[in-house]
Amino acid sequence: SDQKGRQLLAGCTHLDVEERIIDAEHDENDIYIGDEITDKLAKKPSKLFIVRYIRRKYKKAGQDIIITAPVIDEPIAKCEADISLLADIVVSKFVDHLPEYRQQQIYKREGVVIPPSTMNGWVHQLSPYMKLMSEHIKHQILQTRYIQQDESTIKVMDGKKQGTHTGYMWVMGSIELKYVCFEYQKGRSREGPVKSF
């Protein structure tokens, strides 16, 4: 168990180290001779905070002209969420498979209530950016010499029939780049993946 722990920590040299010194009870005349050091892998819970953007304003000397610093470039105009929070929501949902509802419960424990319709609206408004990123990844994969491709079945909700049908998620990967791209198709005929090329 101790050996496995050391192996785990050996792969964590890239992490920051936070030192916590535990002093021994000693007299002033005692001589310090060294330390016993124990490393443990630790985690701090995610922390929500406010980013306050302060745009400076100036009045031109001797003129009635006001100059204001430009509004920051945002993916969603006038959104109350900073880009850091939006990115975390999207990565948690699509990479870590953490549904929006669970994310809302996590934020609620920190005293921040994000209504479901608000978070869902943010994700929908970010979809054009995610599509651009997906297309870029796909383009990079298609430039490589060796491409892996396979299909997996996926249950898809039928809006009208209120049931499900089988759809196909075509997975395209590059070993060189370590990129993966997913494309949904209604069937498994060759026309689906051929459209990618």
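The values are calculated or read from the model by the stated rules, or taken from the named source; none is laboratory data. All of these numbers come straight from a predicted model, not from anything done at the bench. Methodologically, a virtual Cβ is constructed for each residue, glycine included, from the backbone with ideal geometry; neighbour enumeration extends over all protein chains shown. Quick note on the areas: whole protein, heavy atoms, side chains included, nothing else; ligands and nucleic acids left out. Shrake-Rupley method; radii C 1.70, N 1.55, O 1.52, S 1.80 Å.
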Acute angle (nearest 10 degrees) that the helix 116-142 long axis makes with the longest principal axis of the chain, alpha-carbon atoms: 80 degrees
Regarding the chain, what are the three Cα extents along the principal axes, ordered largest first, in Å? 83, 73, 41
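In deg cm²/dmol, rounded to 500, what helix-only [θ] at 222 nm does the chain give when every DSSP H run of at least 4 residues adds -39500 (n - 2.57) and the total is split over its residues? Don't jump to the answer; show the numbers that get you there.
Values: 5 runs with 62 residues, N = 197.
The per-residue figure over the chain is -10000 deg cm²/dmol.
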Can you give me the angle between helix 83-94 and the longest principal axis of the chain, using Cα atoms only, in degrees from 0 to 90, rounded to the nearest 10? 60 degrees
Report the extension gain between T13 and H124 in nm, rounded to one decimal, defined as 0.36 nm multiplied by the number of residues separating them, less their alpha carbon distance. 36.2 nm
GNM flexibility winner over the chain from Y184, Y58, Y168 (Cα, springs under 10 Å): Y58
Probe 1.4 Å, heavy atoms of protein chains only: per residue, the accessible area of the chain in Å² is 88 Å²
Hey, got the dipole for the range 42-197? About the Cα centre, +1 on K and R Cβ, -1 on D and E Cβ, debye to the nearest 20? 380 debye
Could you tell me the distance between the Cα centroids of the range 115-167 and the range 86-100, to the nearest Å? 13 Å
How high is the relative contact order of the range 85-169, in percent, counting Cα pairs under 8 Å that sit 6 or more residues apart? 16 percent
In whole percent, the fraction of accessible protein surface over the range 1-135 that belongs to carbon or sulfur atoms, probe radius 1.4 Å, stands at 55 percent
Point-to-point label distance, L132-D30, nm (Cα→Cβ direction, 7 Å offset): 6.2 nm
Under 8 Å for C-alpha pairs, at least 6 residues apart: give me the relative contact order for the chain, rounded to a whole percent. 10 percent
Subtracting the Cα-Cα distance of V51 and R109 from 0.36 nm times their residue separation yields 18.9 nm
